[in-house]
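The values are calculated or read from the model by the stated rules, or taken from the named source; none is laboratory data. Computed from a prediction, not measured in an experiment: that's the story for all the values here. Quick reminder, even Gly has a Cβ in these numbers, built from the backbone with ideal geometry, and neighbours come from all protein chains shown.
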Amino acid sequence: MNLANKLTVLRIALIPVFLVVLYLDFPGCRYAALAVFIVASLTDFADGYIARHYNQITNIGKFMDPLADKMLVMSAMCWFVECGQMTGWVLAIVLLREFAVSGMRLCAVEQGRVIAAGMSGKVKTFSTMVALCIMMVVTEPWFPAGRTVNLVSQAVILITTVYSGVEYFVQNKDVFKAE
């Protein structure tokens with residue numbers, strides 16, 4: 001297993017650590033969880049860079065990297081919904097987009113095509129990870145306008161998710177044409 005794939009596996013391994021830290025609910029748990037989330041998020045950028053720069057792109061990496069991203073982000077979003085910091089319908093839209101794009105990719109594979117991650121999908125992942133980091137901090141009493149910042153963070157997640165999902169379908173509509 002190459003270094004890029006090891007970083008992807010590390011990101012997956014950090015997900016339960018992130019959640020356990022949050023659920024232990026000790027003083028400062030959000031900061032500790034934020035640190036774990038940031039490290040996990042940084043592995044996403046590191047593994048992609050290493051895979052491309054050092055020619056370590058593998059089929060397992062193509063499969064596991066986006067899956068690890070989804071697992072990390074969805075875990076955080078589920079926790080935010082559970083603690084009342086995110087509305088469930090925002091999570092539902094994100095989940096629906098992920099299932100729809102994954103389904104489209106499966107249809108493309110059946111046709112011998114691979115749909116690579118587009119720039120809007122990368123922007124969506126990055127902005128979602130940043131927004132989730134911000135949401136970890138905004139409930140602190142010292143944070144000004146925490147509710148407003150939280151709503152803006154959710155809006156950023158929602159807008160980038162919908163935009164990138166629509167773009168994937170528009171750019172790859174031929175995947176669904178009758179044979």
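A few points about this structure:
- A search for C-beta distances below 9 Å between a residue of segment 46-62 that is of a type in the set (K, R) and any residue that is loosely packed, with under 14 Cβ neighbours inside 10 Å, counting only pairs 6+ apart in sequence or on different chains, returns K62/V114; K62/A116.
- Identity of the residue in segment 76-90, crowded, with 18+ Cβ neighbours inside 10 Å and within 13 Å of the chain's Cα centre (by Cα), that ends up nearest to T148 (Cα to Cα): M77
- Residues that are crowded, with 16+ Cβ neighbours inside 10 Å and of a type outside the set (A, V, I, L, M) were ranked within segment 15-35; the one that is nearest to A117 (Cα to Cα) is F18.
Rundown of residues vs (1) loosely packed, with under 14 Cβ neighbours inside 10 Å; (2) at pLDDT 95 or above; (3) closer than 30 Å to G61 by Cα; (4) touching a strand residue (DSSP E or B) at 6+ places or on another chain (Cβ under 8 Å), yes/no style:
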site	(1), (2), (3), (4)
V109	yes, no, yes, no
C133	no, yes, yes, no
P141	yes, no, no, no
T148	yes, no, no, no
T160	no, yes, yes, no
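- Candidates in segment 115-134 are the residues that are part of a loop (DSSP other than H, G, I, E, B) and in contact (Cβ under 8 Å) with a residue 40 or more places away in the chain; of these, the one that is farthest from L151 (Cα to Cα) is I115.
- Some residue of segment 136-153 being part of a loop (DSSP other than H, G, I, E, B) and acidic (D, E): yes
- Residues considered: M104, M64. Of these, the only one that is in contact with a Phe, Trp or Tyr (Cβ under 8 Å, 6 or more places away or on another chain), surrounded by 15 or more Cβ atoms within 10 Å (Cβ to Cβ) and either at pLDDT below 95 or of a type outside the set (A, V, I, L, M, F, W, C) (or both) is M104.
- Scanning segment 36-55 for residues that are exposed (fewer than 15 other Cβ atoms within 10 Å of the Cβ) and more than 15 Å from the chain's Cα centre (by Cα) turns up Y49, R52, H53, Y54, N55.
- Just one of the listed residues (V9, V94) is among the β-branched types (V, I, T) and farther than 27 Å from V162 by Cα, namely V9.
- Cβ-Cβ under 6 Å pairs, at least 6 apart or on other chains, segment 74-95 side closer than 15 Å to I159 by Cα, far side surrounded by fewer than 18 Cβ atoms within 10 Å (Cβ to Cβ): L91/V81
- For segment 75-90, the criterion of being more than 20 Å from F37 (Cβ to Cβ) and part of a helix (DSSP H, G or I) is met by at least one residue.
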